[in-house]
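This report refers to the structure that appears directly beneath it.
The values are calculated or read from the model by the stated rules, or taken from the named source; none is laboratory data. Only a predicted model underlies this, so the values are computations on that prediction, with no experimental measurement involved. Virtual Cβ from ideal backbone geometry, glycine too; neighbours counted across all protein chains shown.
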Amino acid sequence: MVIAAIGMIVASCGNSYTNAKMNSPVDSVLYAIGINNGASLREALQTQLPGAEGREDFNILLAAFVAALNGESSQLKMTEDEAQVYIQKYVAEVQTKEFEATKAEGETFLASNRSNAGVISTESGLQYKVITEGTGNKPVPENAVIVHYTGKLLDGTVFDSSVERGEPATFGVTQVIRGWTEVLQLMPVGSKYQVWIPSELAYGEQGNGLIKPNSLLEFEMELLEIKE
């Protein structure tokens, strides 16, 4: 963080830093560190810090950083411990709002989707639509299955696809998310279903990689084979 912040000072602050003089090798290497790290920190702050999207003015960050770096504690409006607590509180509050919004978005979608032609809702809240109904046996919890699938977020982003990889997946019926365990046991071999899985039957409040907490997931699933 110190290296990145030095880069931020050099790359994106006011005129007081534009005339930096390199009077020694250490001065030069610090300046070089600033060049290498300034742009990446700027982008990180603009794209990853909640509420700072697209922000151009980081002078308040620089003011606190320079005072702390120079040991000028009397110029700081927070102690280091207070700053850490504030950061954690801020991020937690922003994430809570975001996760609640994601949850509400999924619930709104399911409420609307259940009235669409061909959509079947189960007692758990899972929804599915038969694309192709197979004629084979249905899996039971003790089975393993071979499945082709594509998983999407509500905005259409593909987060995983055996179809794109060109190789179906094999796993136990009970070794996957709860929504998959439920719907697999409804599918005769040879079936292809479109499935919408509420967050509580998927990755819940934890999320997983591209999948944000409380995300509703959509899958197109084709059950190819049951293995004992």
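Restricting Leu216, Leu223 to residues that are in contact with a helix residue (DSSP H, G or I) (Cβ under 6 Å, 6 or more places away or on another chain), surrounded by 16 or more Cβ atoms within 10 Å (Cβ to Cβ) and in contact (Cβ under 8 Å) with a residue 60 or more places away in the chain narrows the list to Leu216.
Scanning segment 111-145 for residues that are touching a Gly at 6+ places or on another chain (Cβ under 6 Å), under 19 Å from Ala169 (Cβ atoms) and not aliphatic (A, V, I, L, M) yields Gly134, Gly136. Residues in segment 28-75 that are modelled with pLDDT under 80 and over 30 Å from Gln95 (Cα atoms): Gly34, Ile35. Assess whether Thr174 counts as being more than 28 Å from Asn214 (Cβ to Cβ) and among the polar types (S, T, N, Q). When the stated conditions are applied, Thr174 does not pass them. In segment 63-81, the residues that are at positive phi form no Cβ pair under 8 Å with any partner that is loosely packed, with under 10 Cβ neighbours inside 10 Å, whether six or more places apart or across chains.
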